[in-house]
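Asker: Below are the structure tokens for one structure; questions will follow.
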Amino acid sequence: MTTRHKTQVAIIGGGPSGLLLSQLLNLAGIDTLILERSSREHVLSRIRAGVLESGTVKMLRQAGVYERMAQHGIPHNGCYLTDNDLMVHINFKELTGKQVLVFGQTEVTADLYAAQDAMGTEIVHGVTDVLINDLDQTRSTVEYSVEGTRKSIECRYVAGCDGFHGVSRNTIPADVRQEYERIYPFGWLGVLSQTPPANDELIYANSERGFALASMRNENLSRYYIQVPMTDKVDEWSDERFWAALKQRLPSATAESMMTGPSIEKSIAPLRSFATEPLRWGNLFLVGDAAHIVPPTGAKGLNLAVSDVFYLHGALIDAVKNNSKTGIDAYSDRALARIWKSMRFSWQMTTMLHRFDDEDSFAGQMRRATLSHLEKSETARRDLAENYVGLPY
Ligand code: RFL
Ligand code: PHB
């Protein structure tokens with residue numbers, strides 16, 4: 001493969017944020033190149049998010065990746081929060097007028113790859129040792145190795161879309177960065193199984209044994225999670241043990257009626273809240289998980305990545321095409337204002353629904369009182385619904 005030596009915007013990371021940003025810039029006539037550490041097969045094998053806010057759906061439609069999402073995505077009007085047999089229904093549609101769409105991140109990413117292929121965008125897979133230089137100059141460079149050869153690309157701007165473990169964030173000098181972090185003392189054990197979903201809407205379950213989530217991908221593919229200690233290993237969790245633990249945490253009627261089957265994927269993910277400020281340093285912009293991580297309890301990670309792309313793509317188009325710096329100057333503050341609200345919501349949902357090992361008896365009462373308040377107060381339900389369906393951009 002011959003790689004060009006110049007592009008307008010170099011994008012580090014070919015996950016959903018890098019691909020979507022690239023696609024929107026290409027549609028506006030801006031040239032991009034994507035550098036991705038893993039193979040495409042690996043990126044597409046990661047089972048992650050499942051819930052898209054309406055703003056995310058709108059952005060994907062704008063990017064031209066709408067067909068399969070419209071055909072296979074499942075609109076959800078609400079979800080349940082439960083505590084043993086108490087089931088509180090949050091009716092998004094009635095409370096906010098909005099819905100969410102259940103459609104897997106894997107599918108979104110596959111569609112974005114197809115759209116980028118159709119655009120003819122160069123995506124270099126298997127890159128290592130990425131170095132971003134000259135961020136304070138009119139033209140910056142990104143150096144990388146691929147198949148044993150060192151290469152360099154000159155660009156106007158760099159988008160750091162390389163996730164939490166990428167190189168972009170650490171390119172910003174430590175004394176410029178302010179980082180905020182909370183690590184939760186548990187993880188989520190996730191299972192994908194070829195069985196019909198346990199319920200027609202998602203169930204977020206609080207119980208004295210810990211949190212559980214019943215989610216789905218389609219009418220014959222379910223996604224379940226249970227809270228586990230971070231010290232647990234996946235191979236300590238047989239399918240039988242997983243199903244038994246899940247059923248103990250879900251409302252009894254759901255547990256009795258649900259179908260179980262062999263798992264087709266099983267993994268443990270840590271839970272953390274993390275944010276770095278600012279999101280811009282010279283010509284470099286941080287986007288998505290490279291800039292912030294939320295615990296998955298509020299389904300916000302992918303949706304936040306998309307709202308970052310919303311703010312950045314317009315700003316970069318203005319900078320590249322009209323030589324106007326107003327948008328890129330405002331990017332960090334505008335994106336962070338929304339990020340912090342989603343950070344708060346994800347933290348609150350996590351605290352409300354999980355059991356902490358070292359907690360006192362007071363904590364359990366607070367969780368139950370929160371759910372009971374949600375049951376009785378439409379105002380409380382509306383607040384939750386407004387955050388869950390996604391705050392406006
Ligand atoms: P990604 O998806 O991590 O992609 C970053 C890409 O960058 C590559 N990379 C590099 N490339 C080049 N050079 C380097 N040095 C590189 N280092 C890394 C990586 O290989 C990768 O391909 O970040 P992005 O694009 O910002 O997207 C973020 C989302 O993936 C993430 O926020 C969500 O998956 C979070 N999330 C959820 N979000 C939701 O909105 N709704 C959900 O329901 C939801 N559920 C979840 C989730 C995340 C989970 N896990 C496993 C963390 C459920 C789980 C279990
Ligand atoms: C999922 O289906 O993977 C999922 C759904 C909702 C969440 C987190 C994950 O809050």
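Asker: At 0.36 nm per residue, minus the direct Cα-Cα distance, what do SER257 and GLU154 gain on full extension? Give it in nm, one decimal, please.
Answerer: 31.2 nm
Asker: For the chain, what is the Kirkwood hydrodynamic radius in Å, using each pair of distinct C-alpha atoms?
Answerer: 21.8 Å
Asker: Take every Cα-Cα pair in segment 240-320 and report what % of them are more than 23 Å apart.
Answerer: Cα-Cα pairs of segment 240-320 separated by over 23 Å account for 48 percent.
Asker: As an exercise, find the ratio Rg/Rh for segment 140-249 from alpha-carbon atoms, using the Kirkwood inverse-distance average for Rh.
Answerer: 1.16
Asker: Report, in listed order, any pair from LYS6/LYS341; LYS58/LYS247; LYS266/LYS376; LYS266/LYS300 with a Cα-Cα distance greater than 32 Å.
Answerer: Cα-Cα > 32 Å for LYS6/LYS341; LYS58/LYS247; LYS266/LYS376; rest within.
Asker: Another question, if that's okay. Mind listing the phi-derived Karplus ³J(HN,Hα) values for segment 154-168, rounded to whole Hz, using 6.51, -1.76 and 1.60 with θ = phi - 60°, and x for any glycine or proline?
Answerer: 9, 8, 8, 9, 10, 9, x, 10, 9, x, 5, 9, x, 9, 4
Asker: Sticking with this structure for a sec: How do SER207, SER38 rank when sorted from fewest to most other Cβ atoms within 10 Å of their own Cβ?
Answerer: Fewest-to-most ranking of SER207, SER38: SER38, SER207.
Asker: Can you list the HN-Hα couplings for segment 74-84, worked out from phi with the Karplus curve (6.51, -1.76, 1.60; θ = phi - 60°), rounded to whole Hz and with x for Gly and Pro?
Answerer: For segment 74-84, the Karplus curve yields 10, x, 10, 8, x, 8, 10, 10, 10, 9, 6 Hz.
Asker: Which value, in debye to the nearest 20, describes the size of the charge dipole of segment 170-259 about its Cα centre when Lys and Arg Cβ atoms bear +1, Asp and Glu Cβ atoms bear -1, and nothing else is charged?
Answerer: 40 debye
Asker: A further question on this structure: Between segment 167-232 and segment 105-124, how far is it from one alpha carbon centroid to the other, in angstrom?
Answerer: Going from one Cα centre to the other spans 25 Å.
Asker: A further question follows. Under the rule a/c < 1.5 gives rounded, and otherwise a/b versus b/c splits prolate from oblate, where does segment 321-385 land using the Cα gyration tensor?
Answerer: oblate
Asker: With n ≥ 4 as the cut-off for DSSP H runs, can you work out [θ] at 222 nm for the chain, using -39500 (n - 2.57) per run divided by the number of residues, rounded to the nearest 500?
Answerer: When only DSSP H runs of four or more count, the value is -12000 deg cm²/dmol.
Asker: Let me ask you something else. Over every pair of different alpha-carbon atoms in segment 54-122, take the mean of 1/r and invert it; report that Kirkwood radius in Å.
Answerer: Evaluated on segment 54-122, it is 13.9 Å.
Asker: Determine the gain in length on full extension of the stretch GLN137-ALA244; use 0.36 nm per residue of separation and subtract their C-alpha separation, reporting nm with one decimal.
Answerer: 32.7 nm
Asker: Could you give me the ³J(HN,Hα) list for segment 24-40, computed from phi with Karplus coefficients 6.51, -1.76, 1.60 and θ = phi - 60°, whole Hz, x at Gly and Pro?
Answerer: For segment 24-40, the Karplus-derived couplings read 5, 5, 4, 4, 8, x, 9, 7, 9, 9, 10, 10, 10, 5, 9, 7, 4 Hz, x marking Gly and Pro.
Asker: A further question on this structure: So which aspartates and glutamates can LYS325 reach, going by Cα to Cα under 16 Å and dropping same-chain residues fewer than 8 places off?
Answerer: Within the straight-line limit of under 16 Å, LYS325 reaches these aspartates and glutamates: ASP136, ASP333.
Asker: Can you order the peptides 261-272, 95-106 by their average number of other Cβ atoms within 10 Å per residue, highest first?
Answerer: Taking the mean over residues of other Cβ atoms within 10 Å, the ranking is 95-106, 261-272.
Asker: Can you figure out the FRET efficiency of LYS325 with ASP117, using R₀ = 25 Å and their beta-carbon distance, to the nearest 0.05?
Answerer: E between LYS325 and ASP117, to the nearest 0.05, is 0.20.
Each reported figure results from applying straightforward, stated rules to the coordinates on display, with no laboratory input. Since we're looking at a predicted model, the values are computed, not measured. FYI the Cβ positions are ideal-geometry reconstructions off the backbone, even for glycines, and counts take in every protein chain you see.
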